[in-house]
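Structure record follows, encoded as structure tokens.
The values are calculated or read from the model by the stated rules, or taken from the named source; none is laboratory data. In this text the structure is predicted, and so the values were computed from the model without any measurement. So basically every Cβ, Gly included, is an ideal-geometry build from the backbone, and we count neighbours across all protein chains shown. Accessible surface is based on the protein model in full, side chains and every heavy atom, while ligands, DNA and RNA are left aside. Shrake-Rupley method; radii C 1.70, N 1.55, O 1.52, S 1.80 Å.
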Amino acid sequence: MLPRLEALLQACPKVASFQVVDSDAIDEDNFFLKIRCELTSGCTFQIRLRAVAGHIRYSYQDFTDRPLRRWDNAPHFPHLPSFPHHYHGSQGNITASMLTGEPAMDLEQVLHAL
């Protein structure tokens, strides 16, 4: 999975640079991965993926000195139609998210939205 994510980041003109900050893999179904990117906009973008028994918890966050936007699947908003997938907007609004928990597909959507 990491090579695919790195390829997406390298191909994205919005990403100036990136670094794998933390990586701990037992196997494909059990791992932790954190990647930090510097964007051409001057913002920082962070990817966090944690898989346990094949279930992936994720967060994709865009920030400066404060959080700007975040997509994640923490099970906090059961009323949303996309539960547990949701989006935290820059004004603090929480809305449904089109992400699915499949990292390569989700990363493409998030990079497009940045």
Problem set entry | Portion, in percent, of the accessible area of the stretch 39-101 that falls on carbon or sulfur, probe 1.4 Å | 55
For this session: Find, among the GluC sites (Glu not before Pro) in the stretch 4-105, those assigned to loop by DSSP (not H, G, I, E, B) with at most 16 other beta-carbon atoms within 10 angstrom.
Result: Glu28
For this session: Just round it to a whole percent: the fraction of Cα-Cα distances in the chain exceeding 19 Å.
Result: 44
Exercise. At what distance in nm do the modelled label points of Asn93 and Ser59 sit from each other, each positioned 7 Å from its Cα along Cα→Cβ?
Worked result: 2.2
For this session: Enter the accessible area per residue of the stretch 18-114 (Å², integer; probe 1.4 Å; all protein chains in place).
Result: 56
